[in-house]
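The values are calculated or read from the model by the stated rules, or taken from the named source; none is laboratory data. On a predicted model such as this, the values are computed, not experimentally measured, just so you know. Ideal geometry is used to build each Cβ from the backbone, glycine not excepted, and the neighbour counts take in all protein chains shown. Note: areas computed on protein heavy atoms with side chains; ligands, DNA, RNA excluded. Shrake-Rupley method; radii C 1.70, N 1.55, O 1.52, S 1.80 Å.
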Amino acid sequence: EVLAVWHGGMSFHGALIGSILAIILFARRMGADVWSVLDVCAAATPMGLFFGRLANFINGELWGRVRDVPWAMVFPGPGAGSLPRHPSQLYEALLEGAVLFAVLWWLTHSRLALRKPGIVGGAFLAGYGLARSFCELFREPDPGHILTFGLFTAGILYSLPMILIGIWMMQRAGRRVATSPDARR
């Protein structure tokens, strides 16, 4: 069952693990600094997340919890029912996509964080984990998932290690000697 990905899985979190492994293998094969390659890839990822969440919204999938807030929406399809729900896909597009992109852009362009490889990748992991955990409070949890209990959902529990690893990466990178100014290019 673990390999039966057509039955679901860790979705983004699992894809992230696979992507990180591929980036590490690629960087090593090319003789590039693994941390620098991870940073560059992390800096671009939020835009993909932004458009992916917009696609979730357009497709009427991964909708939010039932609420009666003025901006709640009724999503089509049998699974969502005819009850007004949070448009949680838009919250995720904003926080995991646009806001996280702005933070990483600020780090790379104003703080020159690419000079300390690992900062941007760590900020991405921690930032995504925090944004996803917050948005999970508005998103309908996967029904019957073994890791969902109370306010805690599988998405939150999968994000906690990301936050911790991201903080560790930033702390470790902060102790490194900065690379030359050419690293910014």
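For the chain, which DSSP H helices look membrane-span-like by this rule: Cα extent along the axis of 20 Å or more and mean Kyte-Doolittle of at least 0.5? Intermediate results must be reported in sequence, preceding the final value.
Values: long enough: 12-30 (26 Å, 1.50); 34-58 (36 Å, 1.29); 119-136 (25 Å, 1.01); 154-174 (31 Å, 1.19).
Membrane-span-like by this rule: 12-30, 34-58, 119-136, 154-174.
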Choice from Met73, Met162, Met170 showing the highest fluctuation, given a GNM over the chain with Cα pairs closer than 10 Å: Met73
Dipole magnitude of the range 29-140 about its Cα centre (Cβ charges: Lys, Arg +1; Asp, Glu -1), debye to nearest 20: 200 debye
Heavy-atom accessible surface of the chain: percent carbon and sulfur, 1.4 Å: 69 percent
Accessible-area order (highest first, 1.4 angstrom probe) of the listed residues Trp168, Trp63: Trp168, Trp63
Furthest towards positive pole of dipole, Pro46, Val66, Val103, structure part the chain, Cβ charges: Val103
Selection from Leu137, Phe152, Gly174, by position along the positive dipole direction of the chain (Cβ): Gly174
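So between Phe152 and Ile167, what do we pick up on full extension, going 0.36 nm a residue minus the alpha carbon distance?
Working: separation 15, 0.36 × 15 = 5.40 nm, distance 2.11 nm.
Here the answer is 3.3 nm.
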Charge context of Thr45, other residues only, Cβ under 14 angstrom, K/R +1, D/E -1: -1
Computed FRET value (nearest 0.05) for Arg111 with Met47, which takes r as the C-beta separation and R₀ as 22 Å: 0.70
Cα radius of gyration and Dmax for the range 81-185 (Å): 16.8, 58
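Just reorder Ser19, Ser159 by solvent-accessible area, largest first, 1.4 Å probe, all chains present. Display every interim value, and only then the final one.
On the way: Ser19 60, Ser159 0 Å².
Descending accessible area places them as Ser19, Ser159.
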Accessible surface, per residue, of the range 69-185 when the full set of protein chains is kept, probe 1.4 Å, Å²: 54 Å²
Structure-based [θ]222 nm, the chain - -39500 (n - 2.57) summed over DSSP H runs of at least 4, per residue, nearest 500: -17500 deg cm²/dmol
FRET efficiency estimate (nearest 0.05) - Cβ-Cβ, Arg67 to Met30, R0 41 angstrom: 0.25
GNM result for the chain, Cα springs below 10 Å: residue of Leu49, Leu157, Leu25 fluctuating most strongly: Leu25
